Amino acid sequence: MKSHRRITALALLAVAAALVAAALAAYFWGGSDGGLIVLSQVRGHVVTMGWLALVALIGAVLLGARKPATRLAVGLPLAVLGIPVLSIATLLAMLTGGDARTQDLASPGRDDRRLVIERGLAGIDPVWTVYVHQGSWPRERRWAVGYFNGDATDNELREAVWTAPDRIRLTTSGGAVHEVTVAPGGRPDQVVSAGG
């Protein structure tokens, strides 16, 4: 019975370590500046992964520690520190909402490059983020092309289109037009920003 508890505790510890490793990999290699899409998708679930890792760690301590005093000395600080931190992270994630993909446009003449527009919230203001995705799964990468904060209607993204296989035109509601050139590897020559 004791060996079964130990094995379960080690399995829970391994699950927690895997979740933390995946979250760290997503943080370092899943960003919007050439990051892997697979990891940026993991990045969207970091709070959930944090809750699962916390539960797994506390479970590992409760099952793996022999003495009740050890369980209390290790498990209680984990819970006292982890629960408030993850509760705040959950609240912040709920307030910002998730970004929803609103457009996905293939580059003319290229089936390995797409223009992706996501809409989300910054507080109460709508925010549009424009990305270039290049490659195919699992090595598909993404680069940010533009950020548009709708705190003023003139800054809202009105249109994002390919004008050539390596050229993008971004237009705001206020009429500002931005031309962005995309390098062969997928990186844009500039990142456009409109609004605060």
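Explain nothing, just the number: relative contact order of the chain, from Cα pairs under 8 Å at least 6 residues apart, as a whole percent. Working shown, then result.
On the way: 358 pairs, mean separation 30.8, N = 196.
So the answer I get is 16 percent.
With q set to 0.12, 0.13 Å⁻¹, the log10 of I(q)/I(0) for the range 74-165, from the Debye formula over equal scatterers at the Cα positions, is -0.54, -0.61. If exposed means no more than 13 neighbouring beta carbons inside 10 Å and the site is in a DSSP loop, what's the longest run of the chain without any exposed trypsin sites (Lys or Arg not before Pro)? Formally, the longest exposed-site-free interval is 1-65.
With q set to 0.12, 0.19 Å⁻¹, the log10 of I(q)/I(0) for the range 1-105, from the Debye formula over equal scatterers at the Cα positions, is -0.52, -0.98. Calculation over all alpha carbon pairs of the range 104-149 in 5 angstrom steps from 0 returns a P(r) of 6, 22, 24, 21, 13, 9, 5, 1 percent.
If you add up the charges near Ile168, with Lys and Arg at +1 and Asp and Glu at -1, over every other residue whose beta carbon is less than 13 angstrom from its beta carbon, what do you get? Before the final figure, lay out the partial values.
On the way: positive: Arg110, Arg113, Arg114, Arg167, Arg169, Arg187; negative: Glu159, Asp166, Glu179, Asp189.
In short, +2.
With θ taken as phi - 60° and the Karplus curve 6.51 cos²θ - 1.76 cosθ + 1.60 applied, the whole-hertz 3J(HN,Hα) list for the range 47-58 is 5, 4, 5, x, 4, 5, 5, 4, 4, 5, 5, 5 Hz, x standing for glycine and proline. The angle between the Cα long axis of helix 2-29 and the main principal axis of the chain comes to about 20°, on a 0 to 90 degree scale. Remark: the range 59-66, residue by residue, has Karplus-estimated 3J(HN,Hα) of x, 5, 5, 5, 7, x, 6, 6 Hz, where x stands for each Gly or Pro and the curve is 6.51 cos²θ - 1.76 cosθ + 1.60 at θ = phi - 60°. Once the 1.4 Å probe is applied to the protein heavy atoms, the range 81-158 comes out at 57 Å² accessible per residue.
Residue farthest toward the positive end of the dipole of the chain, with Cβ of Lys/Arg at +1 and Asp/Glu at -1: which of Ile37, Gly64, Leu115? Farthest towards the positive end: Gly64.
Run lengths n ≥ 4 of DSSP H only: what is the helix-derived mean residue ellipticity at 222 nm for the chain, with -39500 (n - 2.57) per run over all residues, to the nearest 500? Write out the running numbers ahead of the final one.
Details: 4 runs with 83 residues, N = 196.
Helix-only estimate at 222 nm: -14500 deg cm²/dmol.
Let me make sure I get this right: for the chain, a, b and c are the square roots of the gyration tensor eigenvalues over alpha carbons, sorted descending. Under 1.5 in a/c it's rounded, otherwise prolate if a/b > b/c, else oblate. Which is it? Prolate, because a/c is 1.5 or more and a/b exceeds b/c. Comparing Cα centroids, the range 161-196 and the range 37-52 end up 28 angstrom apart.
Measuring nothing but protein heavy atoms, the accessible surface of the range 85-196 at 1.4 Å probe radius is 55 percent carbon and sulfur.
The values are calculated or read from the model by the stated rules, or taken from the named source; none is laboratory data. Keep in mind that this is a model prediction, so the values were computed, not measured. Please note: Cβ atoms are built from the backbone with ideal geometry, for glycine as well, and neighbour counts cover all protein chains shown. Accessible surface is based on the protein model in full, side chains and every heavy atom, while ligands, DNA and RNA are left aside. Shrake-Rupley method; radii C 1.70, N 1.55, O 1.52, S 1.80 Å.
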